[in-house]
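The values are calculated or read from the model by the stated rules, or taken from the named source; none is laboratory data. Small disclaimer: the values here were computed from a predicted structure and weren't measured. No Cβ is skipped: glycine too gets one built from the backbone with ideal geometry, and neighbour counts run over all protein chains shown.
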Amino acid sequence: MEGDALTQNGDILPSNIRWPIILDRPPEVVWAGIGLHGIRSLERYHLPDLWSLHLYTYSALLRLEDMQIPIRPGFAGIVPANTPIQYHFGGPSQHLFVHFRCASSESVATAETSIPSMQDLGSDFDRIYADLEYVVSSQDKLPHFKTARFWNVLNELAERHQKRLPVPSSHHPAVRRAVAQIALRLGEPLTVAGIASEVEVSYSYLGRLFQEAFGTTVVGYIRTQRVRRAEHLLRHSTLPIKAIAALVGLGDLQFFNKVIRRELGMSPRQIRKMD
């Protein structure tokens, strides 16, 4: 197939298998959980009105019409609604899944993007897995936060091959680990000393590494990421501004308004009205 991609695991994925999907509005998470499969070597599925996203921690084979797509640990797979599929397992296999609804590709054609049927997440797998674990654990509470977290994951999966990854592999391992921790816990209180301890380097050394990698301090990097995520949610979600402030770790609304106005030159309400 044209444009086939070699993954980090040495498998060839047909990169032209991309599904049209609408991501300018939040998806509806219908069910999320951890599934245990492989009791039978062959399993068939068909969800007439639900999409499915899976994060895999095992090796298997997915058959989609006349195509065979390998599954390996660290892969993310997505299947549109009303698509019959077959799984061929080699034994007990556990994965994290989300079943969801999104806008029809016919309804807003100008807003349509596409998302790969299968992709290797590499070093980002643990971070994205943790995001979906949050979706699973918050099913019966904090629905806005669950929706926002899952929406961010879908957008990242759609954009991974269209932009430069934020943490190139050439960066120091401590930087990659610190960035993953920051992305995972952006809504929590974060300290440079705490992050340095988690990635097993000194406070001052982590600061030097961030200056070399990003041209800013660790605190400056965290602030930038919080502002970027807040701007995205203000523009592309209907979450209450107070909820967005909490989700990005700037829970005091007055402080949130001050930071956004200082960094972006507009108030949160003005940014929300731009589109």
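Only one residue in Leu61, Leu53 is more than 22 Å from Ile22 (Cβ to Cβ) and in a strand (DSSP E or B), so which one is that? Of the residues listed, the single one that is more than 22 Å from Ile22 (Cβ to Cβ) and in a strand (DSSP E or B) is Leu61.
Per the listing Ala246, Ala230, the residue uniquely at pLDDT below 85 and farther than 21 Å from Arg25 by Cβ is Ala246.
Is it fair to say Arg235 is within 21 Å of Lys146 (Cβ to Cβ) and crowded, with 16+ Cβ neighbours inside 10 Å? So Arg235 fails the test.
Filtering segment 182-191 to residues that are surrounded by 18 or more Cβ atoms within 10 Å (Cβ to Cβ) and in a helix (DSSP H, G or I) leaves Ile182, Ala183. With the structure loaded, tell me whether Glu200 is touching a helix residue (DSSP H, G or I) at 6+ places or on another chain (Cβ under 8 Å), acidic (Asp, Glu) and over 22 Å from Glu133 (Cβ atoms) or whether it fails that test. Here the answer is yes, as Glu200 does meet what is asked. Taking (1) on the phi > 0 side of the Ramachandran plot; (2) under 24 Å from the mean Cα position of the chain (by Cα) in turn, Gly265 satisfies each apart from (2).
Tell me, which residue of segment 249-272 that is in a loop (DSSP other than H, G, I, E, B) and in contact with a helix residue (DSSP H, G or I) (Cβ under 9 Å, 6 or more places away or on another chain) is modelled with the lowest pLDDT?
Here is the first cut: in segment 249-272, the ones in a loop (DSSP other than H, G, I, E, B) are 249-252, 265-267.
Next cut, in contact with a helix residue (DSSP H, G or I) (Cβ under 9 Å, 6 or more places away or on another chain) only: 249-252, 266-267.
Numbers: Gly249: 85, Leu250: 85, Gly251: 77, Asp252: 84, Met266: 90, Ser267: 90.
Top of the filtered list is Gly251.
Could you give me the residue pairs with C-beta distances under 7 Å whose first residue belongs to segment 252-268 and is touching a residue at least 40 places away in the same chain (Cβ under 8 Å), whose second residue is in a helix (DSSP H, G or I) and surrounded by 13 or more Cβ atoms within 10 Å (Cβ to Cβ) wherever it lies, and which are 6+ apart or on separate chains? Taking only residues 6 or more apart or on different chains, the pairs are Glu263/Val227.
Of the listed requirements (1) at pLDDT below 85; (2) part of a loop (DSSP other than H, G, I, E, B); (3) over 18 Å from Thr113 (Cβ atoms); (4) not hydroxyl-bearing (Ser, Thr, Tyr), Asn16 misses just one: (3).
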